[in-house]
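I have placed the structure first, in the form of structure tokens, so that the comments after it can refer back to it.
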Amino acid sequence: MNFADICQMALRNLQQAKLRATLTITGVVVGVTSLVCMVSFAFGLQENLLNKTLAGFDIFTTIPVSGASLSMLLEFGQNGENPEPAEGATPAGAAAPEPRRGPFGGMVRAKPRRMLDDKAIAEIEKMPGVLYVQPRIGFEAFIQVNGHTRQVNFSGAPLELSRLPGGGTLLTGTGFSNDFAREIVVNEGTAKTFIAPVRKVPPAPGSPPDPVARKKVPTEAERKQAAEQVLGKEVVLLTLREQPGAPGEAPENRYEKNVFKVVGVLKAEETHGPFEQLVFGRGGMFVPQGTARLYHKINGDSLSKLGATILGDSGYQGAIVRVKTPADTQSVYDGINKMGLQAISLTQQLSQMKTFFMIINSSLALLAGISLFVAAIGISNTLIMSITERTREIGIMKAIGGDNRTIMSIFFCEAGLLGLLGGVIGGGGAWLLDTIANATVNHYIASAGAVRVEFFFIPWYLWSGAILFAVGVSLLAAAYPAYRAARVDPIKALRHD
Amino acid sequence: MPILSASHVTKVYRMGAGDVPALAGVSLAIERGEFVAILGTSGSGKSTLLNLFGGLDHPTSGEIAFESTVLSGFNAKAMAQYRLKKIGMVFQSFNLISTMSAEQNVSLALAFAGMPAAARRERAKALLASVGLAARVDHRPAELSGGEQQRVSIARALANDPQVLLADEPTGNLDSVRASEVLQILKQLQSQGKTIVLISHDHELASRFADRSVRLKDGKVVEAA
């Protein structure tokens with residue numbers, strides 16, 4: 001009996017018990033849908049973080065660097081009391097930190113033991129293969145816009161905005177005039193919050209919905225037009241006075257108002273959505289680097305100010321080192337670590353993250369696999385019932401020359417068809433659910449002015465893999481019933497009612 | 001050389017309460033082209049003997065041979081091939097698959113032999129026509145009379161052109177007219193060179209068509225004529 005005949009026979013048998021086959025397939029559909037949905041969620045996170053966010057930062061030529069914190073430096077004795085702190089590298093004559101194994105097998109450096117200050121930046125810039133070093137510094141502040149006060153995070157940005165991690169392209173505006181200017185560049189999403197909201201007039205009861213009011217994706221010109229409304233807008237940054245007024249004095253006499261002007265709006269797609277902060281901690285509001293350093297000192301907490309006073313400097317929070325070619329990455333990475341700073345190899349981190357996501361994916365797949373396991377029991381049950389009902393038929397087939405292999409093949413084919421149909425429908429169902437979930441989430445994301453994110457992502461290999469897995473599980477579930485069918489005694493079977 | 005032979009064959013069914021002997025040292029030889037009737041009352045062991053000839057069961061002791069090849073040496077696959085190619089079986093209760101048409105029932109045996117779909121449809125129709133059912137090929141068993149169902153069963157048994165036809169009480173569920181028709185078909189097949197082994201408890205009817213009769217009683221051959 002050839003494969004086509006076996007399939008035809010299996011299909012005929014399933015059609016004999018339509019309701020039972022439908023219910024069994026439903027079990028597989030539920031299993032596959034939950035499996036694909038859960039794994040596609042993990043794939044979505046992975047896709048957003050690794051493939052979109054990191055891809056935008058050119059991980060093969062970018063090295064994030066961090067220095068020791070003020071508290072660590074004070075502990076090491078680099079507080080000015082030590083007469084001869086180690087020149088350049090590690091403090092108190094300590095050797096360069098040795099790498100150790102991380103939780104996912106990657107190499108993790110010991111904590112940095114040196115401040116990331118202008119001197120360290122200058123040393124890195126001199127290293128062969130380094131294109132530029134972009135220090136990172138930020139601060140929190142209260143600002144007043146449109147008469148409202150709110151707390152925001154500012155980041156320092158270079159005059160050359162393209163040096164921002166992931167690049168920075170102006171949608172409109174000129175950018176900073178100098179490194180200490182009281183100027184602000186905002187990203188497109190933040191810019192929307194600077195525009196005073198227009199109160200919507202609710203439609204009259206019973207009137208048809210306004211088709212124009214429906215949300216649509218704005219064109220480049222419309223985006224630019226909206227961004228231009230923000231240009232030149234004044235943003236008041238509040239700081240405490242050096243000499244606060246006497247108790248009882250009016251509060252406005254105890255703080256200063258520093259007026260900043262918006263000079264540019266960055267394109268939204270350059271900001272790579274909410275995941276970028278996981279890697280680079282970049283916010284949505286930028287001031288020139290020099291200004292950021294100044295307000296970092298002014299708005300820092302009192303302990304940080306004290307530490308900086310003892311050490312003479314507070315250093316930078318971090319820096320991004322850009323090398324000329326990927327071949328330069330390793331030597332620069334090693335050189336930075338030898339300085340007592342901590343360089344992060346993003347390629348290494350990427351590999352660790354991939355391992356991490358693989359574990360997450362496997363865990364979610366295992367969890368969802370339980371429902372597929374239940375479906376497999378359903379398939380097994382269906383086939384065993386089918387054998388009981390078709391015992392006589394099996395006996396007839398054996399009596400007229402059907403061999404055990406053919407009998408088994410028919411049952412395996414039935415199970416395979418149940419798995420295939422369940423897999424295809426389940427995969428389609430998962431795609432539909434994911435699409436709805438993505439659309440719903442992005443509806444709210446878009447209304448908040450952020451970048452579109454695919455929370456659920458189904459690559460072709462997940463879809464096809466889920467179908468193959470469903471077929472595989474179904475075939476496995478058919479092993480015992482098929483074996484039992486092949487073992488049917490034809491004489492007893494022919495007497496069976 | 002006999003086409004089928006049984007040599008000192010015993011068959012004991014092992015039941016929960018004890019052993020039940022069905023055949024007790026049966027020796028029998030059936031020559032090529034013969035029409036042999038095996039007669040006996042219920043429980044005499046005639047169906048057991050037919051099942052052993054048909055390769056559906058194994059003897060407890062003794063040997064069943066087809067053209068001097070002993071069947072007990074066959075594995076499951078070889079036995080299935082034997083049932084498929086060498087013999088055809090006709091049963092008292094027809095044993096047709098109720099969800100298949102007459103043509104599909106006949107085609108199934110051809111499908112097991114690996115014949116392509118179009119060819120087996122043609123052959124199934126020709127076989128059904130040869131037993132007078134050309135107009136009933138698409139009918140399911142429930143839509144056919146007992147005699148017609150038995151003729152479908154005979155057509156199916158002939159599907160792969162076997163040398164031997166084993167018929168287990170093929171007329172048991174038929175009236176005398178239909179029974180005669182079925183036996184007439186078997187007789188025609190004998191004339192075409194087939195060997196026929198007929199199980200029956202109706203001595204008179206069997207003796208009209210068979211070349212010789214073998215009577216079984218309590219699992220033993222008591223009379224051969």
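Restricting attention to the range A:1-33, the residues that are over 18 Å from B:MET115 (Cα atoms) and within 14 Å of chain B (Cβ to nearest Cβ) add up to 9. Scanning the range A:264-283 for residues that are in contact with a helix residue (DSSP H, G or I) (Cβ under 7 Å, 6 or more places away or on another chain) and modelled with pLDDT of 80 or more returns A:VAL265, A:LEU266, A:LYS267.
For the condition over 17 Å from B:SER47 (Cβ atoms), out of contact with any helix residue (DSSP H, G or I) (no Cβ under 7 Å at 6 or more places or on another chain) and of a type outside the set (Gly, Ala, Ser), B:LEU133 does not qualify.
Screening A:ALA365 with (1) buried (at least 18 other Cβ atoms within 10 Å of the Cβ); (2) within 14 Å of chain B (Cβ to nearest Cβ) gives one miss only, at (2).
The residue pairs whose first member lies in the range A:321-346 and is touching a residue at least 12 places away in the same chain (Cβ under 8 Å) and in a loop (DSSP other than H, G, I, E, B), whose second member is surrounded by fewer than 21 Cβ atoms within 10 Å (Cβ to Cβ) and of a type in the set (Lys, Arg), and whose beta carbons are closer than 9 Å, counting only pairs six or more residues apart or on different chains, are A:ILE344/A:ARG109.
Scanning the range A:438-494 for residues that are touching a Ser or Thr at 6+ places or on another chain (Cβ under 9 Å), exposed (fewer than 15 other Cβ atoms within 10 Å of the Cβ) and within 14 Å of chain B (Cβ to nearest Cβ) turns up just one, A:LYS492. Of the listed requirements (1) in a helix (DSSP H, G or I); (2) buried (at least 23 other Cβ atoms within 10 Å of the Cβ); (3) in contact with a helix residue (DSSP H, G or I) (Cβ under 6 Å, 6 or more places away or on another chain), A:MET397 misses just one: (3).
Taken across the range B:141-156, residues that are within 12 Å of chain A (Cβ to nearest Cβ) and in contact with a His (Cβ under 7 Å, 6 or more places away or on another chain) do not occur at all. In this structure, A:THR26 qualifies as modelled with pLDDT of 85 or more and surrounded by fewer than 21 Cβ atoms within 10 Å (Cβ to Cβ). Output the residues belonging to the range B:118-140 that are within 14 Å of chain A (Cβ to nearest Cβ), free of Cβ contacts under 8 Å to residues at least 40 places away in the same chain and among the basic types (Lys, Arg). Correct list: B:ARG120, B:ARG121.
Among residues of the range B:151-175 that are under 18 Å from B:GLU34 (Cα atoms), those with a Cβ under 6 angstrom from a residue that is among the aromatic types (Phe, Trp, Tyr), sequence gap 6+ or separate chain, pair up as B:LEU166/B:PHE53; B:ASP168/B:PHE91.
The rows are residues; the columns are (1) closer than 24 Å to A:ALA157 by Cβ; (2) among the aliphatic types (A, V, I, L, M).
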{"position": "A:ILE310", "(1), (2)": "no, yes"}
{"position": "A:SER314", "(1), (2)": "yes, no"}
{"position": "A:ALA319", "(1), (2)": "yes, yes"}
{"position": "A:GLN342", "(1), (2)": "yes, no"}
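Within the range A:368-419, if we keep just the residues that are more than 19 Å from A:LYS18 (Cα to Cα) and without any contact (Cβ under 8 Å) to a residue 40 or more places away in the chain, the residue that is farthest from the other protein chains (Cβ to nearest Cβ) turns out to be A:ILE370.
If only residues of the range B:181-202 that are touching a Phe, Trp or Tyr at 6+ places or on another chain (Cβ under 6 Å) and crowded, with 21+ Cβ neighbours inside 10 Å are counted, the one that is nearest to B:SER153 (Cα to Cα) is B:LEU183. The set of residues in the range B:57-70 being assigned to a strand (DSSP E or B) and either facing chain A (nearest Cβ under 9 Å) or of a type in the set (Ser, Thr, Tyr) (or both) consists of B:SER61, B:THR69. Scanning the range B:2-21 for residues that are out of contact with any Phe, Trp or Tyr (no Cβ under 9 Å at 6 or more places or on another chain), on the phi < 0 side of the Ramachandran plot and of a type outside the set (Phe, Trp, Tyr) gives B:PRO2, B:SER7, B:VAL9, B:THR10, B:LYS11, B:VAL12, B:ARG14, B:MET15, B:GLY16, B:ALA17. For the range B:203-219, the tally of residues that are in contact (Cβ under 8 Å) with a residue 24 or more places away in the chain and surrounded by fewer than 17 Cβ atoms within 10 Å (Cβ to Cβ) stands at 7. Remark: pairs (first residue in the range B:90-117, touching a residue at least 40 places away in the same chain (Cβ under 8 Å) and among the polar types (S, T, N, Q); second residue in a loop (DSSP other than H, G, I, E, B) and surrounded by fewer than 22 Cβ atoms within 10 Å (Cβ to Cβ); Cβ separation under 8 Å; 6+ apart in sequence or on different chains) = B:GLN92/B:GLU169; B:GLN92/B:GLY172; B:GLN92/B:ASN173; B:SER93/B:ASN173; B:SER98/B:ARG140; B:THR99/B:ARG140; B:ASN105/B:ILE97.
Conditions (1) of a type in the set (Val, Ile, Thr); (2) closer than 30 Å to B:ALA78 by Cα; (3) touching a strand residue (DSSP E or B) at 6+ places or on another chain (Cβ under 6 Å), marked per residue:
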position: A:LYS354; (1), (2), (3): no, no, no
position: A:MET358; (1), (2), (3): no, no, no
position: A:ALA375; (1), (2), (3): no, no, no
position: A:GLY378; (1), (2), (3): no, no, no
position: A:ALA399; (1), (2), (3): no, yes, yes
position: A:GLY402; (1), (2), (3): no, yes, no
position: A:MET408; (1), (2), (3): no, yes, no
position: A:TYR444; (1), (2), (3): no, no, no
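Give the range A:408-457 a look and list any residue that's among the β-branched types (Val, Ile, Thr) and either closer than 30 Å to A:ILE387 by Cβ or at pLDDT 90 or above (or both), or say none. Answer for the range A:408-457, where residues must be among the β-branched types (Val, Ile, Thr) and either closer than 30 Å to A:ILE387 by Cβ or at pLDDT 90 or above (or both): A:ILE410, A:VAL424, A:ILE425, A:THR435, A:ILE436. When the range B:84-113 is filtered for residues that are part of a loop (DSSP other than H, G, I, E, B), more than 9 Å from chain A (Cβ to nearest Cβ) and within 12 Å of the chain's Cα centre (by Cα), the ones remaining, listed by number, are B:GLN92, B:PHE94. When the test is whether a residue is touching a residue at least 60 places away in the same chain (Cβ under 8 Å) and closer than 29 Å to B:PHE112 by Cα, B:GLU148 does not pass it. Condition check for B:ALA17 on (1) at pLDDT below 90; (2) assigned to a strand (DSSP E or B): one failure, at (2). Within the set B:GLY73, B:GLY40, B:GLY33, B:GLY54, the sole residue that is touching a Lys or Arg at 6+ places or on another chain (Cβ under 7 Å) and either without any contact (Cβ under 8 Å) to a residue 24 or more places away in the chain or away from chain A (no Cβ under 14 Å) (or both) turns out to be B:GLY40.
Going through (1) within 30 Å of the chain's Cα centre (by Cα); (2) at pLDDT below 85 one by one, A:ASP301 falls short only on (1).
The values are calculated or read from the model by the stated rules, or taken from the named source; none is laboratory data. Everything numeric in this text was worked out from a predicted model, so none of it was measured. Please note: Cβ atoms are built from the backbone with ideal geometry, for glycine as well, and neighbour counts cover all protein chains shown.
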